[in-house]
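Quick notes on the structure that follows.
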Amino acid sequence: MNSFGSYLRRQREALRLKDRAYSVRQVAKRVGIEPAYLSKIERDEVPPPSEEAIGRIAEVLGEDRDALLALGGKVSSDLLELIRRHPVAFAELIRGLRDAPTDALLRVVREVRDGDW
């Protein structure tokens with residue numbers, strides 16, 4: 001399994017091959033963190049940063065924010081709030097979908113998104 005840091009480094013380095021604006025120093029500047037800190041994150045010397053910093057990293061690297069948060073062992077605060085409002089229902093839903101194939105999950109998402117409540 002990919003660690004948060006190694007995934008970040010791989011994605012950033014792939015972008016850097018095409019554009020020098022994706023050096024550690026340049027990405028850190030756009031994210032608003034120190035280059036040394038980003039380097040430590042990428043080497044897994046420190047735990048993943050805050051939700052806000054991960055969101056900025058995702059934006060700069062063109063990554064999905066929720067996927068990057070999950071890789072960092074975090075859940076978006078807006079999702080946590082929803083879960084806190086209906087903990088039993090969400091726990092049952094998520095556990096019920098645990099073994100569902102991806103296409104089934106996407107069907108559920110589309111139905112919920114497009115549904116008439």
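Rule-based calculations on the coordinates, nothing more; no lab input. Just so you know, these numbers come straight off a predicted model, no measurement behind them. Ideal geometry is used to build each Cβ from the backbone, glycine not excepted, and the neighbour counts take in all protein chains shown.
Each residue in the range 71-89 was checked for being under 14 Å from the mean Cα position of the chain (by Cα) and more than 14 Å from Ser50 (Cα to Cα), and 2 of them qualify. Every test in (1) part of a helix (DSSP H, G or I); (2) in contact (Cβ under 8 Å) with a residue 12 or more places away in the chain is passed by Glu63 save one, and that test is (1). Please verify whether Ala21 is part of a helix (DSSP H, G or I) and within 27 Å of Ser77 (Cβ to Cβ), treating the condition exactly as stated. So Ala21 does not fit the description; no.
Of the residues Glu81, Glu92, the single one that is without any contact (Cβ under 8 Å) to a residue 12 or more places away in the chain, assigned to a helix (DSSP H, G or I) and surrounded by fewer than 11 Cβ atoms within 10 Å (Cβ to Cβ) is Glu81. All conditions but one from (1) at positive phi; (2) free of Cβ contacts under 8 Å to residues at least 12 places away in the same chain apply to Asp44; the one that does not is (2).
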